[in-house]
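For reference, the structure discussed in these notes is given below.
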There are 2 protein chains.
Amino acid sequence: VIEALTLHCPKCGHRYESTPDRWQCSCGGALSAPLTAGLRRDTVDRSEPSLWRYAAGLPAIARPPAAYFGEGRTPLVDRPWAGRTIGFKLDFLMPTGSFKDRGAALVVNALAGAGVGAIAEDSSGNAAASYAAYGAAAGIRCRVFVPDSASPAKIAQARAYGADIVAVPGDRAATAAAAMADRHGLYAGHNWHPLFIEGVKTIAFELWEQHEWAVPDVVIAPIGAGSGILGLDRGFRQLALSGAVSRAPRLYAAETQCWATISRASASPDAAESWLNGERQPSVAEGLMIAEPPRLLQVIRALKRSGGRPVAVSEPAILHALHALAEQGLLVEPSSAVAAAAASALVDTGEIVSGDRVVVVLTGSGLKTSSAMHRPAHASLTP
Amino acid sequence: VIEALTLHCPKCGHRYESTPDRWQCSCGGALSAPLTAGLRRDTVDRSEPSLWRYAAGLPAIARPPAAYFGEGRTPLVDRPWAGRTIGFKLDFLMPTGSFKDRGAALVVNALAGAGVGAIAEDSSGNAAASYAAYGAAAGIRCRVFVPDSASPAKIAQARAYGADIVAVPGDRAATAAAAMADRHGLYAGHNWHPLFIEGVKTIAFELWEQHEWAVPDVVIAPIGAGSGILGLDRGFRQLALSGAVSRAPRLYAAETQCWATISRASASPDAAESWLNGERQPSVAEGLMIAEPPRLLQVIRALKRSGGRPVAVSEPAILHALHALAEQGLLVEPSSAVAAAAASALVDTGEIVSGDRVVVVLTGSGLKTSSAMHRPAHASLTP
């Protein structure tokens, strides 16, 4: 499926030749693809109007891809924000309405090229929809495992694409275990599969092209399990490795104070185990409430290396950002608003300084979560 | 606002210099902008990653536009359909989830450039969301007039962008009349404003570029009031006028048999008045249920001139197409599925022949209308 791709475990260093069923190290760690130096300005395929224009920087999979939506190249638009001008990357305009399509495009097309006929995924949100849509287009049967407490609205989109929805009693960990143990579909879970992040890194490549082959100073993205931040990290590092850029942006991971996994783990990584099982509160940014991010330490390292950090914002700040974005014509899900709220916080602390070019990644569509946008009904006016 | 733009009435021939408040002829007809010949392959601004790359073929408005979302350049993807390969234009990936953003981009930005501070629009669907988002981004107050029977779900998106929603008792005509008479906002109704179609015609320009500066043989779009078909017609004719292409595609307007306005009017245009008030049935394709399309005769002329026609499809065919599209990963609103169903019908009648390159325009996102996609819940499976 993937030519000459050697996966490695950042935790223990073990290496594996990539096979369709290899998604975890024997030590329990999450595997990563190698960092390659193939992408430069002159190897971008400018005739291809999708993220596949960056194929020189992606793991080789069969082309043309079995599932193709002309994905990627989402707009980057400037808006006034927190007294500055900030660039917003409109990844909520991806084919199914979230940035997770980038990861699904790589994973599902690689597995399709390897002849896999059925996959299993655990998610009750955006990734479920992405896998379901790409599976449908590739002719791969997609089984989505969800906690039986998941609301029908959250899985309606994946169901519409024809995915099989499998409700699992118990908590989120039980759901993941059931998906991993599925006998009908190969496990391709987005939080584990090493190619998922390979797809997400195309956000970095697009920002590079959209800044006329340079990079912004600061990029802020919401963080749940970490594929967004890790994709940005890998993408920018890859560009630096190839000499395409001379530096990488500072990366800030936006999370909610209710569920400040990365902030707490960064403060005391050795105690990670204890607080992972500690108290956390539900947030309006449901998509960010990940119990145990498999790549937690990778995320912490990536943020530190970039010169950025995790930023935890309050629920009122998230709701304020959600409405302020909508009133600029940007209707996003609460998880995306977390990143915009973090931008405001970083302006307040002085960590974003005058002259910094700042980009906020808006990761998911507000059309999926319109109930979060409900306002008190206006009185009926008759003119 | 619009330099040297002379509007004309296709009904009576009267001409007007364009002003922000001029949207109707004194005879009651809907006004049109002049057809210009400025767009050729060498006048496309390839450095601009949005529909504004075709500015040479658009009415001149202040640049950069006040409201900008990087709009346009939606993907064109091939899918198997009705035993053939058909191109689907994914206009549901426009910034607010529908092709109406193209029209709103022209109208709202032109009015912003003219210093207009508040606009009035009548719609309870996609156009309301488009005007609200562009108004929000341009800093123009947007008042959306809706029938008081409109469901809250249909106007939730416009409300989220901060539009004022004004509920009007009575039928759709009463709503339009109230918007036209509004004292707080300049009327900019999308079914009337001559610049709306000027924006929509960028679909034709994009299809031209996406076919490597040629045009497909057949383009099928859903029809409500007609801005989609009229935009395609004007765009392709403009390309022919400039010598950029040697012919225009056959245009087919897809409607539902429940509300077959164009089909009936084409059969006997003289009797239009009588059946406009005649019996029509509600359809799952709500967006196409327009009581009195202001540009009805223009639509009929455009279809005939192109060699195409209106195609009315059944409700079961629409629902079948809706699900078949979703199972290819394309989640659209029922109105869009009408066009895909029409493609099947035209293959069946032999009007689409082997060798024809066919494009179906998917105009609106299924994320707005997920209730139409509800399926019977699967049984809860425990693996």
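Okay, here's what the table says:
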quantity: Rounded Å value of the spacing that divides the Cα centres of the range B:145-177 and the range A:12-80; calculated: 45 Å
quantity: Kirkwood-based shape ratio for the range A:129-233, expressed as Rg/Rh from alpha carbons; calculated: 1.05
quantity: Other copies of residue A:85: label-to-label distances in nm, shortest first, labels 7 Å along the beta-carbon direction; calculated: 4.3
quantity: Any cysteine of chain B lacking a neighbouring Cys Cβ under 4.7 Å - listed by number; calculated: B:142, B:258
quantity: Largest-first principal axis extents, alpha carbons of the range A:1-135, Å; calculated: 49, 39, 32
quantity: Where rotation carries B onto A, the chain B residue whose Cβ is nearest that axis, in whole Å; calculated: B:367, 2
quantity: Beta bridges per DSSP with both ends in the protein assembly as shown, % antiparallel, nearest 5; calculated: 30 percent
quantity: The range A:192-300, relative contact order in percent, only Cα pairs under 8 angstrom and at least six apart counted; calculated: 29 percent
quantity: Relative contact order [Cα under 8 Å, 6+ residues apart], chain A, whole percent; calculated: 17 percent
quantity: GluC sites (Glu not before Pro) lying in DSSP loop within the range A:158-236, provided at most 13 other Cβ fall within 10 Å; calculated: A:212
quantity: Neighbour cut-off at most 16 other Cβ (10 Å), DSSP loop, trypsin sites (Lys or Arg not before Pro), the range B:44-97; calculated: B:46
quantity: Value of Rg/Rh across the protein assembly as shown [Cα atoms, Kirkwood radius]; calculated: 0.96
quantity: Among the listed pairs A:100/B:89; A:201/B:89; A:100/B:154; B:154/B:304; A:154/B:201; A:201/B:201, those beyond 30 Å (Cα-Cα); calculated: B:154/B:304; A:154/B:201; A:201/B:201
quantity: Neighbour-limited loop hits for trypsin sites (Lys or Arg not before Pro), the range B:120-222 (at most 13 other Cβ within 10 Å; DSSP other than H, G, I, E, B); calculated: B:183
quantity: Per residue solvent-accessible surface (Å²) - chain A, probe of 1.4 Å; calculated: 35 Å²
quantity: Sulfur and carbon atoms: percent of accessible area, the protein assembly as shown [1.4 Å]; calculated: 52 percent
quantity: Pairwise burial A:B, computed as accessible area of each alone minus the pair, summed, 1.4 Å, Å²; calculated: 3600 Å²
quantity: Cβ-vector label at 7 Å, residue A:14, separations to other copies in nm; calculated: 8.2
quantity: Inter-copy spacing of residue A:240 label points, which lie 7 Å from Cα along Cα→Cβ, given in nm from shortest upward; calculated: 5.7
quantity: Per-residue average of Cβ from other chains inside 10 Å of A:215-222; calculated: 0
quantity: Base-10 log of normalised Debye intensity for chain B (one unit scatterer per alpha-carbon) at q = 0.06, 0.09, 0.11 Å⁻¹; calculated: -0.21, -0.47, -0.72
quantity: Whether the range B:91-150 is rounded, prolate or oblate, judged on the alpha carbon gyration tensor where a/c under 1.5 counts as rounded; calculated: oblate
quantity: Kirkwood Rh (inverse of mean 1/r, distinct Cα pairs), the range B:186-288, angstrom; calculated: 15.1 Å
quantity: For residue B:141, residues with placed amide H under 5 Å, excluding near neighbours; calculated: B:118, B:119
quantity: Sum of -39500 (n - 2.57) over DSSP H runs of 4+, divided by residues of chain A (222 nm, nearest 500); calculated: -10000 deg cm²/dmol
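The values are calculated or read from the model by the stated rules, or taken from the named source; none is laboratory data. For clarity, every value in this text was computed on a predicted model and none was experimentally measured. We place every Cβ from the backbone using ideal geometry, glycine too, and count neighbours over all the protein chains shown. In case anyone asks, the SASA skips ligands and DNA or RNA and just uses the protein heavy atoms, side chains included. Shrake-Rupley method; radii C 1.70, N 1.55, O 1.52, S 1.80 Å.
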